[in-house]
Amino acid sequence: MTAGMFAITEAGAYPWSWWVLGPISVGMLGIYQLLPRPEGTSVRTGGFLAVFGLAGLMALVLGGVLLSVETVLFCLFSGVAVCGAALLVTLANPARAALAFTVVVLGVAGLFLLLAAPFLMGANIIVYAGAIVVTFLFVLMLAQQHLPNDADSRSREPFLACLAGGSALLLILLALGEDAGKLESYQEVREGRALEATRSPVAPVRRAAESDLRLDMSGVPALPADNTAFLGANLYGRHLIAVELAGVLLVVATLGAIAVAQRSGTGEAL
Amino acid sequence: MNSPDLPHYLACAAVLFVLGLVGFLARRNLILMFLSVELMVQGVALNFVAFARFRGNLDGQSFVLFMLTVAACEAALALALILALYRTQASLDVSLWQNLREDDLDATEDDEPLPGMMPEAPLPSLPVAGIAPARPEESNRV
Amino acid sequence: MFELSSEVLSGLALCVPVLPLIAAVVSAVLGSTRPSLAPLVASIGVLGAFAASLLLLLATAGHGGAAHIFHYGTWFTISHHSIDWEIRLDALATAMVCMVTFISFWIVIFSQGYMDGDLGSARFFSLVSLFVGAMAILVLANSLVVMFLGWEGVGVCSYLLVGFWFRKPEAAAAARKAFLVTRLGDVALLGALLLLACQPGSRALTFDAVFSAHLDAGIVYFVLLLLLIGAVGKSAQFPLHVWLPDAMEGPTPVSALIHAATMVTAGVYLLARFFPGMTGESVDLSRLDAIASVQDLAGGLGAITALSAAIMAMGQSDLKRVLAYSTLSQLGYMFMVLGVSGEPRGEHLPQEVIGVAAFASIFHLLTHAFFKALLFLSAGSVMHAMGHIIDMNRFGGLRRLMPITHASFLVGALALAGFPPLSGFFSKDEILLELWNGSLTGGPRSAFFAILFSVGLITAGLTAYYIFRAYFKTFHGEEKIPHEAGHHAHESPRSMTVPLMVLAVCSVVVGLAVGPTGILHHYLSHSSHWHLHESAFSVNIPMILGVLAAFTGVAVAWMLHKAAASTAKKRSMGLFESLADNRLYIDGLYLATLVRPLAALGSVVGWLDRELISPLIELGATVPRMVGGRFRSAQNGLLQFYALAMALGLIVILAMFTVAR
């Protein structure tokens, strides 16, 4: 490709720095407005501020990226995920918030797809949207409470929470912006040299998984196309014991959940 | 560049993480707090997958699978605990459990009334004048 | 008798300590749900250990029990020296472990009847098995550190078993006393080990390494002195003997097993190994001198204990106490003969003299174990029948009621008194003979040995007297039964009488079988470092004197307690009774000279601490309390405040990485 694209590897070349303070504070102000409180929320102002902040942040962050299909898809999925997250945090009705979480999961699944992880996309949707959220909805229905109530219509220190969240985000993005160009190993990978995988004599599975490692057109290493097969080989090869332990953990958690949820007085605990 | 790069994904993950943080700090419904934590977990998972992609290493994706496992266990246990808590207080409000405070501190109470629970304005009480008219039965119905 | 391959021997030797330990764990685990299985498990474990050690004995008898060393693993390593799990199987250890497991097995069987119905019986059997395992470790260990493990293990078991009925305050106090007093000795033993570990030659801390190391005579002296203190503590010799009479608070089978037959003999065993072993291969006079000066101390302490304990035993009215003091006295005998030091005598080397003395003490140790266990178990049987009454003034004339117990007690008493040809006769004769020979050499110590010999002779007479006094009071005279006995007042069940009969037969036979025939002598002669020479059995002057003393003692007891029918005895024995009642005032002496002053000092220090030091410390404590008070309100119990604090911490860390960089 052209020499121009390598410009971004120079330090500080990502176009965000302290500028992100603006959209972040606008967005957090919007979230603050939207958080439920007894005297009522201003949905219109808050929503406007939040969307404005998000848009500003996207514009700043994606400033140097050309408009391509991938960029559009990234904007779409990340926008869906972030909007879902904002809804999850601010909706007073917990059932709706749980549905907003499925939106987040779908958005993140889309990002997984962009990141060459189709298996994880499916797993994420099945486990979260399919299992966890549904279970949560059951419990919500079980513990149905009418709005307004203390749990859903009040927030604990919304201003402090938004301030903490905003400063954390600001600092993370600053760190990212300053360091992104200097990610040394990333740069090495981009330049196609010094791949640990080719250097270290590890299990053959790993080598098989990464012998396919190749750079795509923009110089980024590409993952093998058979994502599921290689992921399985990786899991059951290098991480076999961890897989077994995860199975044990699941069993223990199941038993524990049964023991904890048992109504006291109705028989012995397990 | 013509496609989003690693820092863009990391930025998106950071936004998700921080929104989860805000939700955990501000919301009082136990289930919502738990969902906020799951939101933070999603942000972290996105980080892992992004690194896996841009470093050409599948270990990040494997790790996300383990995170899914742990999240499932966590959800099962959290729901069991929430149920147990709900049985004792018939509410999901986390502020009902503040027994671990110092002995001499008073419990934090909410003083602002909820909109639906405003004390109703007292009805005007009219002075009794004359003889009360005999009311027909059906006038009792509202 | 027959040959076994080295691997089989190694496996058998491992079985001896391991089987009882497994039995201990299993019976402890089973105990909470199936307490009835505990005695079965314990007896199987101990029987297995006995079978293994008997096989070892028979297999090594052919080639005289030369030392084998079996390696099983490494415990730990310090710089280049590793402490290994090793068993050193020589004649002495094999004979000893055989005796221990045999007696333990019969005592476990006896306890099955004795502890029947006790709520903690599973705990009891678990601890007894643990004790047997620890004792086997003590006896078989090759490394001194592993031996110390067993040494402490038997101490802990003794503590737990003396305090078995821990809800009874006397039992708890007795257990504490036993533990603390023996601990004094244990610290000395540990000191000996540390001293040896500091010497370059003996750093490996195995018996062979220590015995063959070129040690300075001064080091030898201090090591042996510390070992002697350890042995004195464990074997309850004067002045650390005070715990043993109190230890009778434990169940009677425990008294029989631990406080008569096995654990208390560990000190004798240790010294019988070390005194001959430390002489080294060649005659080194300065070293022999160092050993001899420690031996003098051992003999002197043994003599004091033998005589004073015999006197104390004469006046006790508590049957078990009589036996406890008798144990002290007999252990004193063993220490006395260990005091026979290696002055060159005739054509014999000093090593040989010390070896013969050690042989005499071990011989007495083995026979004593049988008849003292027998006496204790008989007393236990009496106690069981009398509803846990042990005061001899409250029962009497039991010989028709309990014929088997009567017969077995009589056999035990005769053996203890040293009547020919019971086992006590031969071993006591051996001891007296050694002391007699020592006094005839004309060396600088012959007067000392003459004193020891006369003490031994007097003690022999007193022993015969006090044990027959107890016998006559318990089994003769008019029949008296305390009301606590209730319906128990009859002969004990089969599980208790069978061990009595077995041990009675052993008490009769063992001495005769192994003593005059020379079997034991021949077998132990190959035990390393003993240098035994062949000797033939013959009638000699000390033997005749000893038998005369025994007969005199029995005759006096007959006159005072059988013939006079328990009326006039108070007058004649008043002095002894009062001395014995107060335990020769030794406990009182300790109370007045040590305990009271220390308690007074403690109260003064306590006052200083409370009135002067505490306020100062509390002044220091007020500052943090005030500062903490400012921040107390942060602890408001609201989960989300804590989470907020966490988030703020995260922000600070992030800021340190970015902005403030």
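The values are calculated or read from the model by the stated rules, or taken from the named source; none is laboratory data. This one's a predicted model, so the numbers in the text were calculated from it and none came from an experiment. All Cβ positions, glycine included, derive from the backbone under ideal geometry; neighbour counts span all protein chains shown. Ligands, DNA and RNA are excluded from the accessible area calculation, which covers all protein heavy atoms including side chains. Shrake-Rupley method; radii C 1.70, N 1.55, O 1.52, S 1.80 Å.
Here is a yes/no grid of residues against (1) surrounded by fewer than 22 Cβ atoms within 10 Å (Cβ to Cβ); (2) at pLDDT 75 or above:
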{"position": "C:Tyr471", "(1), (2)": "no, yes"}
{"position": "C:Arg494", "(1), (2)": "yes, yes"}
{"position": "C:Pro499", "(1), (2)": "no, yes"}
{"position": "C:Ser507", "(1), (2)": "no, yes"}
{"position": "C:Val514", "(1), (2)": "no, yes"}
{"position": "C:His522", "(1), (2)": "yes, no"}
{"position": "C:Ser535", "(1), (2)": "yes, no"}
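Listed here are the residues, each with its yes/no results for (1) within 7 Å of another protein chain (Cβ to nearest Cβ); (2) more than 18 Å from A:Met58 (Cα to Cα); (3) outside any helix (DSSP H, G or I).
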position: B:Ser3; (1), (2), (3): yes, no, yes
position: B:Ala14; (1), (2), (3): yes, no, no
position: B:Val18; (1), (2), (3): yes, no, no
position: B:Val22; (1), (2), (3): yes, yes, no
position: B:Leu25; (1), (2), (3): yes, yes, no
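Please go through segment A:129-147 and give me each residue that is assigned to a loop (DSSP other than H, G, I, E, B) and either more than 28 Å from A:Thr41 (Cα to Cα) or open to solvent by 40 Å² or more (accessible area, probe 1.4 Å) (or both), ordered by number. Walk me through it before giving the result.
To start, the set of residues in segment A:129-147 that are assigned to a loop (DSSP other than H, G, I, E, B) comprises A:143-147.
Within segment A:129-147, A:Gln144, A:Gln145, A:His146, A:Leu147 meet the criteria.
If I ask for residues that are within 7 Å of another protein chain (Cβ to nearest Cβ), within 12 Å of B:Glu102 (Cα to Cα) and in a helix (DSSP H, G or I), which ones from segment C:627-650 would you list?
C:Arg632, C:Ser633
For segment A:149-171, what are the residues that are facing chain B (nearest Cβ under 8 Å), open to solvent by 40 Å² or more (accessible area, probe 1.4 Å) and either over 30 Å from A:Leu57 (Cβ atoms) or assigned to a helix (DSSP H, G or I) (or both)?
Hits for segment A:149-171 are A:Asp150, A:Leu160.
Restricting to segment C:220-234, give me the number of residues that are within 22 Å of C:Ser143 (Cβ to Cβ) and either among the aromatic types (Phe, Trp, Tyr) or in contact with a Leu (Cβ under 7 Å, 6 or more places away or on another chain) (or both).
8
Output the number of the condition that C:Leu57 fails; it satisfies all remaining conditions of (1) modelled with pLDDT of 80 or more; (2) touching a Phe, Trp or Tyr at 6+ places or on another chain (Cβ under 8 Å).
Among (1) modelled with pLDDT of 80 or more; (2) touching a Phe, Trp or Tyr at 6+ places or on another chain (Cβ under 8 Å), C:Leu57 violates only (2).
Can you say whether B:Ala90 is more than 7 Å from chain A (Cβ to nearest Cβ) and within 21 Å of A:His146 (Cα to Cα), as far as the supplied structure shows?
So B:Ala90 fits the description; yes.
Which numbered condition in (1) surrounded by fewer than 23 Cβ atoms within 10 Å (Cβ to Cβ); (2) modelled with pLDDT of 80 or more; (3) assigned to a helix (DSSP H, G or I) is the only one that C:Glu484 fails?
Exception for C:Glu484: condition (2).
Just to check your reading of the model, which residue among C:Leu433, C:Leu410, C:Leu414 is in contact with a Leu (Cβ under 7 Å, 6 or more places away or on another chain), of a type outside the set (Asp, Glu) and part of a helix (DSSP H, G or I)? Reasoning before the result, please.
Working: C:Leu433 fails: in contact with a Leu (Cβ under 7 Å, 6 or more places away or on another chain); C:Leu410 fails: in contact with a Leu (Cβ under 7 Å, 6 or more places away or on another chain).
When all the criteria are applied, what remains is C:Leu414.
Taking the options C:Ser129, C:Ser82, name whichever one is hydroxyl-bearing (Ser, Thr, Tyr) and assigned to a helix (DSSP H, G or I).
Of the residues listed, the single one that is hydroxyl-bearing (Ser, Thr, Tyr) and assigned to a helix (DSSP H, G or I) is C:Ser129.
Look at A:Leu60 and say whether it is under 29 Å from A:Ala143 (Cβ atoms) and surrounded by 20 or more Cβ atoms within 10 Å (Cβ to Cβ).
Considered against the rule, which asks whether it is under 29 Å from A:Ala143 (Cβ atoms) and surrounded by 20 or more Cβ atoms within 10 Å (Cβ to Cβ), A:Leu60 comes out as no.
Just to be sure before I move on: is C:Phe370 more than 27 Å from C:Ile291 (Cα to Cα), touching a strand residue (DSSP E or B) at 6+ places or on another chain (Cβ under 6 Å) and surrounded by 24 or more Cβ atoms within 10 Å (Cβ to Cβ) in the structure I sent?
Judged against the criteria, C:Phe370 is not a match.
Just checking, how many residues over segment A:172-182 are more than 7 Å from every other protein chain (Cβ to nearest Cβ) and not charged (D, E, K, R)?
Here the count works out to 2.
Restrict the check to segment B:65-81 and report whether at least one residue is at pLDDT 90 or above, open to solvent by less than 10 Å² (accessible area, probe 1.4 Å), hydroxyl-bearing (Ser, Thr, Tyr) and closer than 30 Å to A:Phe119 by Cα.
Checking segment B:65-81: not a single residue is at pLDDT 90 or above, open to solvent by less than 10 Å² (accessible area, probe 1.4 Å), hydroxyl-bearing (Ser, Thr, Tyr) and closer than 30 Å to A:Phe119 by Cα.
Filter segment C:247-282 down to residues that are touching a residue at least 40 places away in the same chain (Cβ under 8 Å) and part of a loop (DSSP other than H, G, I, E, B) and give me whichever is most open to solvent (accessible area, probe 1.4 Å).
Here the residue is C:Glu281.
Which ones in segment A:21-40 are within 11 Å of chain B (Cβ to nearest Cβ) and of a type in the set (Ser, Thr, Tyr)?
If we filter segment A:21-40 for residues that are within 11 Å of chain B (Cβ to nearest Cβ), which is where we start, we get A:23-24, A:27-28, A:31-32, A:34-40.
Residue satisfying the conditions is A:Tyr32 alone.
Does at least one position in segment C:174-196 carry a residue that is in a loop (DSSP other than H, G, I, E, B) and closer than 23 Å to C:Ser235 by Cα?
Scanning segment C:174-196, I find no residue that is in a loop (DSSP other than H, G, I, E, B) and closer than 23 Å to C:Ser235 by Cα, so the answer is no.
Of all residues being assigned to a helix (DSSP H, G or I) and facing chain B (nearest Cβ under 9 Å) in segment A:63-72, which is least open to solvent (accessible area, probe 1.4 Å)? Just the residue, please.
The qualifying residue least open to solvent (accessible area, probe 1.4 Å) is A:Thr71.
Please indicate, with yes or no, whether at least one residue in segment C:23-38 is open to solvent by less than 60 Å² (accessible area, probe 1.4 Å), under 17 Å from C:Thr94 (Cβ atoms) and in a helix (DSSP H, G or I).
Scanning segment C:23-38 turns up no residue that is open to solvent by less than 60 Å² (accessible area, probe 1.4 Å), under 17 Å from C:Thr94 (Cβ atoms) and in a helix (DSSP H, G or I).
For segment B:44-64, what are the residues that are open to solvent by less than 60 Å² (accessible area, probe 1.4 Å), away from chain C (no Cβ under 14 Å) and either of a type in the set (A, V, I, L, M, F, W, C) or not in a helix (DSSP H, G or I) (or both)?
B:Ala45, B:Leu46, B:Val49, B:Ala50, B:Ala52, B:Phe54, B:Gly56, B:Asn57, B:Leu58, B:Val64
Among the residues of segment A:74-96, which ones are of a type in the set (A, V, I, L, M, F, W, C) and at the interface with chain B (Cβ under 8 Å from one of its Cβ atoms)?
A:Phe74, A:Ala81, A:Val82, A:Ala85, A:Ala86, A:Leu88, A:Val89 - these are the residues of segment A:74-96 that are of a type in the set (A, V, I, L, M, F, W, C) and at the interface with chain B (Cβ under 8 Å from one of its Cβ atoms).
Name the single residue, out of those in segment A:15-48 being open to solvent by less than 60 Å² (accessible area, probe 1.4 Å), under 21 Å from A:Leu171 (Cα atoms) and aliphatic (A, V, I, L, M), that is farthest from the chain's Cα centre (by Cα).
Of everything passing the filter in segment A:15-48, A:Val26 is farthest from the chain's Cα centre (by Cα).
Whether any residue in segment A:113-121 is touching a residue at least 12 places away in the same chain (Cβ under 8 Å), assigned to a helix (DSSP H, G or I), facing chain B (nearest Cβ under 8 Å) and more than 29 Å from A:Glu70 (Cα to Cα) is what I want to check.
Checking segment A:113-121: not a single residue is touching a residue at least 12 places away in the same chain (Cβ under 8 Å), assigned to a helix (DSSP H, G or I), facing chain B (nearest Cβ under 8 Å) and more than 29 Å from A:Glu70 (Cα to Cα).
Output the number of the condition that A:Val189 fails; it satisfies all remaining conditions of (1) among the β-branched types (Val, Ile, Thr); (2) closer than 30 Å to A:Trp19 by Cα; (3) at pLDDT 55 or above.
Unmet condition: (3).
Quick one: is B:Ser36 open to solvent by less than 10 Å² (accessible area, probe 1.4 Å), facing chain A (nearest Cβ under 7 Å) and more than 18 Å from A:Leu54 (Cα to Cα)? Steps first, please.
Numbers: open to solvent by less than 10 Å² (accessible area, probe 1.4 Å): yes; facing chain A (nearest Cβ under 7 Å): yes; more than 18 Å from A:Leu54 (Cα to Cα): yes.
Yes; evaluated as a whole, the condition is true for this residue.
Just checking, how many residues over segment C:605-661 are loosely packed, with under 10 Cβ neighbours inside 10 Å and of a type in the set (Asp, Glu)?
Qualifying residue count, segment C:605-661: 1.
May I ask you to verify whether C:Thr77 is among the polar types (S, T, N, Q) and assigned to a strand (DSSP E or B)?
yes
Would you mind finding the one in C:Val210, C:Val162, C:Val145 that is touching a His at 6+ places or on another chain (Cβ under 9 Å), more than 24 Å from C:Ala51 (Cβ to Cβ) and touching a residue at least 24 places away in the same chain (Cβ under 8 Å)?
Details: C:Val210 fails: touching a His at 6+ places or on another chain (Cβ under 9 Å); C:Val145 fails: touching a His at 6+ places or on another chain (Cβ under 9 Å).
One residue alone meets the criteria, C:Val162.
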